[in-house]
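Taking it in order: structure first as structure tokens, then the write-up.
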Amino acid sequence: MVFRDGILGGKSALITGGGTGIGASIAQELARAGADVAVASRDPAHLEESRRAIEALGRRAVAIACDVRDAEAVERLFAQVKARLGGLDVLVNNAAGNFLCPADKLSPNGFRSVVEIDLVGSFLCSRAAFPLLCERGGGTIINITATLGSQGVPLQVHAGSAKAGIDAMTRQLASEWGPRGIRVVAIAPGPIGDTEGMRRLAGGRDEEIARSIPLRRLGRREEIAWLAVYLASDAAAWITGATVVVDGGQRLRASF
Ligand code: NAP
Ligand code: COA
């Protein structure tokens, strides 16, 4: 770990989709840096292992079942976080859904469900976090977006549109809530190899994808989580409204 222990000591964090993949790594690295951590997603079975891993690091750990598309469930989630962790300093909007589908074959509900999880869910959680962050005199919202939000990627009109919306929301809320001491930032990962999401989307094409990346490999979950620790910390106190790309240079490549 590149940061000194305790850089997030005394802080409380909530990670949506924190039971699996990148979200679980972010939860563990924030805990390793000293934060008490709540994780939330639809399936309690996804959350339990993550909760135990946080606890094993000596931090308070809370797992709460919640569908981020449900505004009332989101309000209950934040009430529970306040009751069980005493408040909130860091929200990580990481929950997302994705699959590959040609745009002309995508059903209205297929488009809507991904936009509702990624974009609407991030808004509902940010909105519910606002009063808790204000109570602490400020805090940090970290949105997990994706490089495809600023690219043109076939079979991804739903996820690309949702992530582009998240990039815009990051700038809007950073501007509106900056005077309240709330920083809003985003991390845009390129392909992260050791996640179920990527395994399903890549369908065994890892080596081919790695050849398209200047650093010649897929990313690792911790390489996203370590940036989240930095962005959540006071070391990043003058960073807001920015989307930080972590992609091994993949976005730089044009082929002709
Ligand atoms: P993942 O393991 O499938 O994570 C998605 C998480 O979201 C799951 O824990 C899932 O838990 C939760 N979730 C889905 N729908 C939800 C809902 N309606 N309400 C609450 N939680 C919900 O995939 P991942 O690859 O780690 O992705 C994490 C984030 O990184 C996403 O924002 C993704 O877009 C982004 N990202 C990933 C990559 C990559 O290469 N892996 C690249 C770029 C960006 P439940 O099933 O328990 O609800
Ligand atoms: N291709 C085309 N359409 C698909 C699809 C696929 N592979 N998977 C789901 N859909 C459509 C469904 O057909 C449905 O539309 P319809 O009602 O018109 O038939 C719509 O998407 C919603 O599907 P459903 O399974 O009912 O929704 P859900 O709310 O249970 O699941 C998803 C949401 C679809 C995003 C699901 O993939 C999911 O839960 N993902 C979470 C994990 C994940 O995707 N991780 C990767 C993170 S980047």
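The values are calculated or read from the model by the stated rules, or taken from the named source; none is laboratory data. Model, not experiment: these values are computed from the prediction. Positions of Cβ are backbone-derived with ideal geometry, glycine not excepted, and every protein chain shown enters the neighbour counts.
Checking Leu100 against (1) without any contact (Cβ under 8 Å) to a residue 60 or more places away in the chain; (2) over 29 Å from Ile7 (Cα atoms), which single condition isn't satisfied?
Of (1) without any contact (Cβ under 8 Å) to a residue 60 or more places away in the chain; (2) over 29 Å from Ile7 (Cα atoms), only one is false for Leu100: (1).
Just the residues that are farther than 30 Å from Leu88 by Cα and more than 13 Å from ligand 2 (Cβ to nearest atom), please, taken from segment 181-212.
Within segment 181-212, Gly193, Gly204, Arg205, Asp206, Glu207, Glu208, Ile209, Ala210, Arg211, Ser212 meet the criteria.
Take segment 213-225 and flag every residue that is surrounded by 19 or more Cβ atoms within 10 Å (Cβ to Cβ) and closer than 15 Å to Leu30 by Cβ.
Arg221, Ile224, Ala225
Against the conditions (1) in a helix (DSSP H, G or I); (2) more than 26 Å from Leu47 (Cα to Cα), where does Pro154 fall short? Just the number, please.
(1)
Sort through Val92, Val68, Val39 and tell me the only one that's within 19 Å of Glu135 (Cβ to Cβ), within 16 Å of ligand 2 (Cβ to nearest atom) and surrounded by 24 or more Cβ atoms within 10 Å (Cβ to Cβ).
Going through Val92, Val68, Val39 in turn, the sole match is Val92.
Output the residues belonging to segment 199-237 that are part of a loop (DSSP other than H, G, I, E, B) and either touching a residue at least 40 places away in the same chain (Cβ under 8 Å) or within 20 Å of the chain's Cα centre (by Cα) (or both).
The answer is Ser212, Ile213, Leu218, Arg220, Ser233, Ala237.
Being at pLDDT below 95 and either in contact with a Ser or Thr (Cβ under 7 Å, 6 or more places away or on another chain) or within 8 Å of ligand 1 (Cβ to nearest atom) (or both) is the filter here; which residues of segment 143-197 pass it?
Answer for segment 143-197, where residues must be at pLDDT below 95 and either in contact with a Ser or Thr (Cβ under 7 Å, 6 or more places away or on another chain) or within 8 Å of ligand 1 (Cβ to nearest atom) (or both): Leu148, Gly193, Thr195, Glu196, Gly197.
Kindly indicate whether any position in segment 6-28 is within 10 Å of ligand 1 (Cβ to nearest atom), under 17 Å from Ala228 (Cα atoms), touching a Pro at 6+ places or on another chain (Cβ under 9 Å) and not β-branched (Val, Ile, Thr).
Yes, segment 6-28 has at least one match.
Is it the case that Glu116 is near ligand 2 (Cβ under 9 Å from one of its atoms), part of a helix (DSSP H, G or I) and within 28 Å of Arg180 (Cα to Cα)?
Yes.
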